[in-house]
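Notes for the one structure printed next.
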Amino acid sequence: MAVGATAAVIPLFGLVPSISASDSPITIVLAAACALALFAVSQVTISWSYHTDRLGEWFRLALLVPLAALSVVLPLWLGKDWTILLTYLAATCAVAVPPRTTLPALATSVSLAVFVAEHVDGADTTSLVVMTAAVGLAMTTYRRILDLNAELRRTRRELARAAVTEERLRFARDMHDTLGHDLLQLNLRTEVTRRLYRAGETDVEAELQQIEDVGRQCLERVREAVTGYRQLSLPAVVEEVRPTLADAGVSVTVDATTDLLPQEAETALSWVVREVLTNVVRHAHAAHCQVTLSTEGGRAVLEVLDDGKGPVRRPMSGPDGNGLAGLTERVTALGGSLRTSAAPGSGFRLLAAVPLTGSAASEGSTDSMAAASLANSLTEGTS
C-alpha cells in the first residue's frame, strides 16, 4: 500500500505546469507548488505510517486535518483541475481513520466534493462525487483485505506457537511417564544384581542381561515418545509392570475389559495405570494393589487401590508433582476427570473416568507443521 501510494501521487505533479502557464505572480505559483508538495508528502506519510508501529493512529489523524484543508482550499483557489485532490482525500481517509469510522469519513469526503464542485466554475458535480465515492470505497475494501491478511498471519503465528507448546507438553508427559517406570525398573534390577554379586550367586549375568534389555527398551520408548506414536494397551502395561511389582513384593489383581474402549481412551487410562503402579513401588510400601476397569453411563471408569501408607502430601509442581499433573492433563484432554484420595481403611485410591464416545475431544494441534518440525528435530537429537 505504501509503495502504491507513493506512485499514485506522481500524477499530482502534472498540475504544476498549469500553475506556471497561468498569469499568476511567481509568489502564488511557488505557494501553490509548496501546498501541492505538502499535500503529497502528507498523503504518502499517512500511507507509510499504516505499516509501522512508530507512527500511530493519532499521528495519521493529525496529518489528515491539513490534508482535508488543502483538498478544499486548493480547488477553490486554483480551479477545477485541482478537484482531483478530493479523490486522494477519500483514498487516504480509508487508511487514516479507524476501521469503525471509515464510512463516516468517506461520507465526509463526498460531502466536501459536493461543496467544492458547487463553488468551482466548470466542475462537474456528478463526476466528482462518483469518482470520490468510488475511490474511497475501493480503498476501504483494499484496507479490509490487508487487515484480514495481517490478522491471518498473526493467527498462523499463534497457532504455530500453540502447536509447538502442545508438542512440548506431550513430549514432557510421555518422557516422564515412560522414563519414570523404566528407570525405576533399572534401579531395582541393579539392586538385585548387587545383592546377588555380594552373595556370590551365579546368575548375576542373567540379571545384567535383563538390565541391558531394559536399557534398550527404555531407548526405544524414548524414540516412540519423540515421534508421538506411543500407543498403550492396559493388559500389556499391567504385564510389563508386574515383574517390577513382584521384585518390590507387591501383588496385583486386575479386573478389566478393554474390548469396548476407543484407542484414545485406552491409551490414556493405560498411562494412568502405568504411572500409578510405578508410584506404588516407589512410595506406597504396599503389599497388594487392585486395578478395576468398568463401563457405566457412557464412561470408562478406572479405579486403582493399594493397601499402602496412603496419600502423601506433595506439591503439584516440581519433580514429585509432575506425574499426577501429567495424568490429569491426559484425562481431561479427552473430556474426563481424575481424582485421588485415601482408600477405605488404609492405602491410596485413584479414580479416573473417560467418555466412551467423542474421546477425541482434543483435536491434536500436534499435527501442524510446527509440531512435526519439533518432533523431527527431537528425533534426530536422540538417534
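Which of the numbered conditions does Val254 fail, given that it passes all the others? Conditions: (1) on the phi < 0 side of the Ramachandran plot; (2) under 37 Å from the mean Cα position of the chain (by Cα).
Failing condition for Val254: (2).
Scan the stretch 254-267 residue by residue and report those that are open to solvent by 10 Å² or more (accessible area, probe 1.4 Å) and either more than 13 Å from Ala236 (Cα to Cα) or not in a loop (DSSP other than H, G, I, E, B) (or both). Give the derivation first.
Filtering the stretch 254-267 down to residues open to solvent by 10 Å² or more (accessible area, probe 1.4 Å) leaves 254-264, 266-267.
Answer for the stretch 254-267, where residues must be open to solvent by 10 Å² or more (accessible area, probe 1.4 Å) and either more than 13 Å from Ala236 (Cα to Cα) or not in a loop (DSSP other than H, G, I, E, B) (or both): Val254, Asp255, Ala256, Asp259, Leu260, Leu261, Pro262, Gln263, Glu264, Glu266, Thr267.
Identify, please: which residue in the stretch 295-314 is outside any strand (DSSP E or B) and open to solvent by less than 50 Å² (accessible area, probe 1.4 Å) and is, among those, modelled with the lowest pLDDT?
Once the filter is applied, the top-ranked residue is Gly310.
Has the stretch 100-117 got at least one residue that is open to solvent by 60 Å² or more (accessible area, probe 1.4 Å), part of a helix (DSSP H, G or I) and in contact (Cβ under 8 Å) with a residue 60 or more places away in the chain?
There is no residue in the stretch 100-117 that is open to solvent by 60 Å² or more (accessible area, probe 1.4 Å), part of a helix (DSSP H, G or I) and in contact (Cβ under 8 Å) with a residue 60 or more places away in the chain.
Let me confirm something: among Tyr88, Tyr142, which residue is surrounded by fewer than 21 Cβ atoms within 10 Å (Cβ to Cβ), touching a residue at least 40 places away in the same chain (Cβ under 8 Å) and of a type in the set (Ser, Thr, Tyr)?
Sole residue among the options that is surrounded by fewer than 21 Cβ atoms within 10 Å (Cβ to Cβ), touching a residue at least 40 places away in the same chain (Cβ under 8 Å) and of a type in the set (Ser, Thr, Tyr): Tyr142.
Got at least one residue in the stretch 108-121 being modelled with pLDDT of 85 or more and touching a Cys at 6+ places or on another chain (Cβ under 7 Å)?
yes
Going by the structure shown, is Ala333 out of contact with any strand residue (DSSP E or B) (no Cβ under 8 Å at 6 or more places or on another chain) and modelled with pLDDT under 50?
Against the criterion (out of contact with any strand residue (DSSP E or B) (no Cβ under 8 Å at 6 or more places or on another chain) and modelled with pLDDT under 50), Ala333 does not qualify.
The values are calculated or read from the model by the stated rules, or taken from the named source; none is laboratory data. Keep in mind that what you see is a predicted model, and the values were worked out from it rather than measured. Glycine also receives a Cβ, built like all others from the backbone with ideal geometry; neighbour counts cover every protein chain displayed. Only protein heavy atoms, including side chains, enter the accessible area calculation; ligands, DNA and RNA are left aside. Shrake-Rupley method; radii C 1.70, N 1.55, O 1.52, S 1.80 Å.
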